[in-house]
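Peer 1: First, the structure itself, so that you have it in front of you.
The values are calculated or read from the model by the stated rules, or taken from the named source; none is laboratory data. Everything numeric here is computed off the predicted structure, so don't read it as measured data. Cβ coordinates were reconstructed from backbone atoms using ideal geometry, including for glycine residues, and neighbour counts include every protein chain displayed. Side chains are part of the model used for accessible areas, which takes the heavy atoms of the whole protein and leaves out ligands, DNA and RNA. Shrake-Rupley method; radii C 1.70, N 1.55, O 1.52, S 1.80 Å.
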Amino acid sequence: MFNAFKNNIENNMPYLKKAKILIAVSGGLDSVVLTHLCSKLNLNIALAHCNFNLRGNESDTDEAFVLELAKTLDIEVFIQHFNTEAYAKAEKSSIQMAARTLRYNWFFDLARQLQFDYILTAHHADDNLETVLINFTRGTGIEGLTGIPERNENIVRPLLKFSRESLEYYAKSKNITWREDSSNASTKYLRNKLRHDVIPILKEINPTLLKNVETTLDNLKDTKAIVQESVSAVLKRAIIQRDSEAVIYKIQEFKNLKQPKAYLFEVFKIYGFTDWNVLENLLHAQSGKQIMSNTHTLLKNRETLVLTENTTVTAFKEITIEKPSKSIEIANGLLSIERVEKLEKNTKSTIYLDQKLLNFPLKVRQWEKGDYFYPLGMTGKKKLSKFFKDEKLSLRAKEKCLVLTSNNTIVWVINYRSSALFKATNQTDNILKITYQQ
């Protein structure tokens, strides 16, 4: 097996040969064999072990085993203790998810602080099969059926091509000892149930199961690449605006597709939207309909879909402006008010007013339901809610909108439109220029 491992590193992962590497070691068969193989190959490695304090004395014995392994191989080792149950309770997550989060957060911190180039985990072919089956039973797209990636940024898995059986054979042939996690024998968790009750039957039916699955996964990865290329082409046509506030998509581009549901899933799954039917229904919903994931909101706005991040908008505290000022901090920007001699054209971020028509102090506040103003360039007044609708503002943009007022009358919907009531003309003696900079 060592020769096969060496060939895999030289042919597929040559970047590891000169890298500084951190190996995640539990003390179990997989990570212990990975450690021995890397050590024999003279890679520059250190070990990282997590004690989750979930199995009493057994957890401490695992830690002692890893310390002894590091000493025997003359390898640096890092140990971290976690109160996993308390963390899971605080985060309202399962013990398994809590342990995974704690583990990877610590690995990433270690890698960053001590400048490790890569983090190696000992996932193997059987783990890959289990992951595919889990995703399949829970419902997934092609992403979930391509298995565990061999490399994901700085996480590398050199054993994915090797079966657990081959790892165990190598360990026994080299008199390598390891620790058995008693919790792995329980079928309480889905992964263990598949491992002990389902996969042995599949292997009995087809002895070449792992090899066949590996071939299938390689084919699916090629198919995934084609899908991604096709989705990218659609996005080039569909995205009509992208900025720090939102991404806006043209609905008709999705409706023109033969399989809009599949494309919608591929586009929006990374934002937490995974229900194919709900996404497709949004194309045909009334304007104003929205769906939410844990992180994002997708809004149907006339003939567009508006994607925004779910961030809490802090209530804006009203600001009073006693006199013209060069720099006034408001929300995420600066407001400046100055007297000028020359009248220029108004823009969204810069307006020109007749100072005689203003009554200081001016005020900056959040817009309120029922607010209206007299938009420059239009006849009559308009409610802000209608103005926002006409401007096709996203929900997030509306929530953040501020107004400048004089005697409770709106002077400017900041960064959008000024009021005609206070406009400067060529006959204005005292021109005020007001600018908003983000």
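Peer 1: Tell me, what is the FRET efficiency for N192 and T347 to the nearest 0.05, using R0 = 51 angstrom and their Cβ-Cβ distance as r?
Peer 2: Numbers: r = 63 Å, r/R0 = 1.24.
Rounded to the nearest 0.05, the efficiency is 0.20.
Peer 1: Ratio of Rg to Rh for the range 108-161, alpha carbon only, Kirkwood? Don't skip to the end; give the middle numbers.
Peer 2: Values: Rg = 13.3 Å, Rh = 12.3 Å.
Rg/Rh: 1.09.
Peer 1: So what is the calculated 222 nm ellipticity per residue for the chain, using -39500 (n - 2.57) for each DSSP H run with n of 4 or more, over all residues, to the nearest 500 deg cm²/dmol? Each step should come with its number before you reach the end.
Peer 2: Details: 15 runs with 170 residues, N = 438.
The helix contribution divided over the chain gives -12000 deg cm²/dmol.
Peer 1: Still on this model: Sticking with the crude label model, points 7 Å out along Cα→Cβ, report the distance from N407 to K71 in nm, one decimal please.
Peer 2: 8.6
Peer 1: Which three extents, in angstrom, do the Cα atoms of the range 73-225 have along their principal axes, listed largest first?
Peer 2: Computed over the Cα atoms, the extents are 45, 41, 36 Å.
Peer 1: Output the antiparallel fraction of DSSP beta bridges having both residues in the chain, as a percent to the nearest 5. Please report the intermediate quantities before stating the final value.
Peer 2: Values: 51 of 66 bridges.
If we restrict to bridges inside the chain, about 75 percent are antiparallel.
Peer 1: To the nearest 10 Å², what's F108's accessible area with a 1.4 Å probe?
Peer 2: Near enough 80 Å² of accessible area.
Peer 1: Let me ask another. Residue separation times 0.36 nm, minus the C-alpha to C-alpha distance between D275 and E318: what's the value? Walk me through the intermediate numbers first.
Peer 2: Details: separation 43, 0.36 × 43 = 15.48 nm, distance 4.12 nm.
So the extension gain works out to 11.4 nm.
Peer 1: If eta is 1.567 mPa s and T is 4 °C, what Stokes-Einstein diffusion coefficient results for the chain, Kirkwood Rh from Cα pairs, in µm²/s? Display every interim value, and only then the final one.
Peer 2: Working: Rh = 27.0 Å.
The diffusion coefficient I find is 48 µm²/s.
Peer 1: How many percent of Cα pairs in the range 303-438 exceed 27 Å?
Peer 2: Details: 1667 of 9180 pairs.
I get 18 percent for the Cα pairs in the range 303-438 exceeding 27 Å.
Peer 1: With N denoting the number of residues in the range 1-117, provide Rg(C-alpha) divided by 2.2 N^0.38 Å, to two decimal places. Intermediate results must be reported in sequence, preceding the final value.
Peer 2: On the way: Rg = 15.4 Å, N = 117, 2.2 N^0.38 = 13.4 Å.
The value comes to 1.15.
Peer 1: Need one number: nm distance between label points at K18 and T140, each 7 Å from Cα along Cα→Cβ, rounded to one decimal.
Peer 2: 3.6
Peer 1: Quick one: how many Å² of M292 are accessible to a 1.4 Å probe, rounded to 10?
Peer 2: 130
Peer 1: Tell me, what is the FRET efficiency for E303 and N44 to the nearest 0.05, using R0 = 56 angstrom and their Cβ-Cβ distance as r?
Peer 2: Details: r = 56 Å, r/R0 = 1.01.
Here the calculated transfer efficiency is 0.50.
Peer 1: Also, quick follow-up: Over the chain, what relative contact order in percent results from Cα pairs under 8 Å that are six or more residues apart?
Peer 2: With pairs under 8 Å counted, the relative contact order is 10 percent.
Peer 1: If you don't mind, there's one more thing I want to ask. Binning at 5 Å from 0, report for the range 181-301 what percent of all alpha-carbon pair distances ends up in each bin.
Peer 2: Per 5 Å bin, starting at 0, the Cα pair percentages come out as 2, 9, 14, 16, 12, 10, 10, 10, 9, 7, 3, 0.
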